[in-house]
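Q: Below: one structure in structure tokens.
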Amino acid sequence: MAWLASLLGAVLIGSVPASTSPNVTNPWFPLRPGTEWVYSGTKDGKPTRDVVEVTQRTILIQGARCVVVSDRLYEAGKLEERTSDYYTQDRAGNVWYFGEDTAELNAAGKVISTEGTWRAGRDGARAGIYMPARPRPGQTGRQEFYRGQAEDHFRVVSLQATVRVPYVSSKAALETREWTPLEPGTLDQKVYVRGIGTVKEASLKGPVERAVLVAKSSR
């Protein structure tokens with residue numbers, strides 16, 4: 001299990017892999033430019049629509065070329081939050097998360113907060129592995145680290161989870177748990193389907209939030 005020890009060590013210390021590519025092909029979290037996912041859900045008691053798109057753009061962070069993923073969250077029909085996430089993949093197939101630029105908007109469309117924004121290499125922030133190349137039940141790691149702003153962790157629960165959302169059904173889904181020490185008492189569930197990516201997100205503890213995949217398209 002040397003690969004696992006190496007993976008967990010990299011996650012814990014946030015070391016940058018020697019060779020990466022913005023061509024993210026990990027089957028559990030594929031990021032082909034031009035692909036768009038649309039999620040429907042609820043947040044703060046309001047209906048939400050989340051549109052995630054892999055752009056044609058890349059960005060260089062700590063020597064790693066990352067693909068830029070656009071995430072636009074609409075709450076009750078109005079744009080509530082816009083985010084650019086930065087991912088890259090190492091030779092082994094692990095998907096690394098190198099940061100995000102996020103902005104929360106008010107009803108007039110004005111930016112009122114950029115809390116949660118971070119980039120690896122700035123102010124002590126470190127990259128983490130968002131999706132392992134070969135997930136195994138019980139596997140844990142840190143997806144990001146920027147002290148006091150972004151400290152998400154994950155644990156793989158199952159590779160045989162059953163999920164049914166408007167876009168797809170599967171009995172062989174990857175299920176994880178996510179949490180952060182910045183929000184004690186919260187716990188989230190995420191479910192992924194091979195070849196598609198994230199199909200469901202739901203809070204298990206803490207404020208009620210839920211999002212399920214309703215559409216996916218590619219250009």
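Q: Restricting the stretch 140-155 to residues that are more than 16 Å from residue 189 (Cβ to Cβ) and out of contact with any His (no Cβ under 8 Å at 6 or more places or on another chain), which is surrounded by the fewest Cβ atoms within 10 Å (Cβ to Cβ)?
A: 148
Q: Suppose the filter is out of contact with any Leu (no Cβ under 7 Å at 6 or more places or on another chain), touching a residue at least 12 places away in the same chain (Cβ under 8 Å) and surrounded by fewer than 18 Cβ atoms within 10 Å (Cβ to Cβ); does residue 27 pass it?
A: It is true that residue 27 is out of contact with any Leu (no Cβ under 7 Å at 6 or more places or on another chain), touching a residue at least 12 places away in the same chain (Cβ under 8 Å) and surrounded by fewer than 18 Cβ atoms within 10 Å (Cβ to Cβ).
Q: Among the listed residues 104, 80, 175, which satisfies the condition of being assigned to a strand (DSSP E or B), closer than 22 Å to residue 211 by Cα and within 15 Å of the chain's Cα centre (by Cα)?
A: The conditions single out 175.
Residues are listed down the side, and each one gets a yes or a no for (1) modelled with pLDDT of 95 or more; (2) within 17 Å of residue 116 (Cβ to Cβ); (3) more than 14 Å from the chain's Cα centre (by Cα):
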position: 10; (1), (2), (3): no, no, yes
position: 14; (1), (2), (3): no, no, yes
position: 26; (1), (2), (3): yes, no, no
position: 59; (1), (2), (3): yes, no, yes
position: 72; (1), (2), (3): yes, yes, no
position: 84; (1), (2), (3): yes, yes, no
position: 97; (1), (2), (3): yes, yes, no
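Q: Evaluate the following for residue 168: is it of a type in the set (A, V, I, L, M, F, W, C), crowded, with 19+ Cβ neighbours inside 10 Å and within 21 Å of residue 51 (Cα to Cα)?
A: Spelling it out, it is not the case that residue 168 is of a type in the set (A, V, I, L, M, F, W, C), crowded, with 19+ Cβ neighbours inside 10 Å and within 21 Å of residue 51 (Cα to Cα).
Q: Just to be sure I understand the filter: pairs with C-beta atoms under 8 Å, separated by 6 or more residues or on different chains, first member in the stretch 94-105 and closer than 14 Å to residue 58 by Cβ, second member assigned to a strand (DSSP E or B) and of a type in the set (Gly, Ala, Ser). Which pairs pass?
A: Correct list of pairs: 96/64; 96/127; 96/128; 98/64; 98/127; 99/127.
Q: Of all the residues that make up the stretch 107-129, how many are under 27 Å from residue 76 (Cα atoms) and either in a strand (DSSP E or B) or not charged (D, E, K, R) (or both)?
A: Qualifying residue count, the stretch 107-129: 9.
Q: Please specify each residue of the stretch 42-51 satisfying the condition of being surrounded by fewer than 19 Cβ atoms within 10 Å (Cβ to Cβ) and polar (S, T, N, Q).
A: Hit for the stretch 42-51 is 42, nothing else.
Q: Let me ask you something else. Can you confirm whether residue 191 is within 15 Å of the chain's Cα centre (by Cα) and of a type in the set (A, V, I, L, M, F, W, C)?
A: yes
A quick yes/no check of all residues on (1) touching a strand residue (DSSP E or B) at 6+ places or on another chain (Cβ under 6 Å); (2) of a type in the set (Lys, Arg):
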residue: 68; (1), (2): yes, no
residue: 72; (1), (2): yes, yes
residue: 81; (1), (2): yes, no
residue: 86; (1), (2): yes, no
residue: 97; (1), (2): yes, no
residue: 110; (1), (2): no, yes
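Q: Right, next: If you check every pair at least six apart or on different chains, which have Cβ atoms under 7 Å apart with a residue in the stretch 175-202 that is modelled with pLDDT of 95 or more and of a type in the set (Gly, Ala, Ser) first and a residue that is in a loop (DSSP other than H, G, I, E, B) and surrounded by 15 or more Cβ atoms within 10 Å (Cβ to Cβ) second?
A: Hits for this filter: 195/27; 195/30; 197/29; 197/30.
Q: Which residue out of 74, 39 is part of a strand (DSSP E or B), surrounded by 20 or more Cβ atoms within 10 Å (Cβ to Cβ) and not hydrophobic (A, V, I, L, M, F, W, C)?
A: After applying the criteria, what remains is 39.
Q: Name the residue, out of 199, 157, 163, 214, that is within 16 Å of the chain's Cα centre (by Cα), among the hydrophobic types (A, V, I, L, M, F, W, C) and assigned to a strand (DSSP E or B).
A: Testing whether each residue is within 16 Å of the chain's Cα centre (by Cα), among the hydrophobic types (A, V, I, L, M, F, W, C) and assigned to a strand (DSSP E or B) leaves just 199.
Q: Which of the residues belonging to the stretch 181-203 are over 14 Å from residue 158 (Cβ atoms) and either of a type in the set (Gly, Ala, Ser) or surrounded by fewer than 17 Cβ atoms within 10 Å (Cβ to Cβ) (or both)?
A: 181, 182, 183, 184, 185, 186, 187, 195, 197, 202, 203
The values are calculated or read from the model by the stated rules, or taken from the named source; none is laboratory data. Small disclaimer: the values here were computed from a predicted structure and weren't measured. For neighbour counting, all protein chains shown are included, and Cβ atoms are generated from backbone atoms with ideal geometry for every residue, glycine included.
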